[in-house]
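Comments concern the structure below.
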Amino acid sequence: MLNKYPQRLAFSMIELLIGIVIFSLAMLPLLSLAMSSSRGAYSVGKHMMAGQIAQESQIKVSETSKLGKINLLEDDDLKSALTTIGNEAISWDLNRQFKNFTYEVIMREPSGEDKGKMFLVAVKVGWRVDEGKESSRQFMTISSIKYKDVL
């Protein structure tokens, strides 16, 4: 007796389409998780750079009289480092990384009997979380007290 329905050797197009749709829907949460974790790692990297810049600026404040807001790429130490590197790829990458970083050094002298003896030194570092949007700028401030004999 002949079989009315011959045995199939492959999937139909509908079965393939349904399989691809199910696979795609299962992969969406994984792709979303990967994107958010890479965005978080990028943000943490920017925070770490800002902390290093603020600490270095705190250390340098006794050696410099530069106060006010400064674009990081205009910093003399960074400029000299970029020129002595000699490797264009590294210089280009550092310029790209630090392009939106700014820092501001603020020194305040107390009033009263402590006037002239100590200073409050604050370093405020700003950077963009989203490189294209100025509204995404975040700030980190590190403050310390310096005594006049240290300055």
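Out of the residues in region 82-96 that are of a type in the set (A, V, I, L, M) and modelled with pLDDT under 70, which is farthest from Val44 (Cα to Cα)?
Just the residues of region 82-96 that are of a type in the set (A, V, I, L, M), to begin with: 82, 85, 89-90, 94.
With modelled with pLDDT under 70 added as a condition, the list becomes 82, 85.
On the way: Leu82: 24, Ile85: 26 Å.
So the residue we want is Ile85.
Looking at region 8-37 only, could you name the residues that are of a type in the set (Gly, Ala, Ser) and exposed (fewer than 10 other Cβ atoms within 10 Å of the Cβ)? Give the derivation first.
To start, the set of residues in region 8-37 that are of a type in the set (Gly, Ala, Ser) comprises 10, 12, 19, 24, 26, 32, 34, 36-37.
Listed by number, the residues that qualify are Ala10, Ser12, Ala26.
Just so you know, in region 101-151 the residues that are aromatic (Phe, Trp, Tyr) and assigned to a strand (DSSP E or B) include one that is farthest from the chain's Cα centre (by Cα), and it is Tyr147. Checked against the criterion of being modelled with pLDDT of 70 or more and surrounded by 13 or more Cβ atoms within 10 Å (Cβ to Cβ), the candidates Lys66, Lys99, Lys79 yield just one match: Lys99.
The values are calculated or read from the model by the stated rules, or taken from the named source; none is laboratory data. All values derive from a computational prediction rather than experimental measurement. Note: ideal-geometry Cβ built from the backbone for every residue, glycine included; neighbour counts use all protein chains shown.
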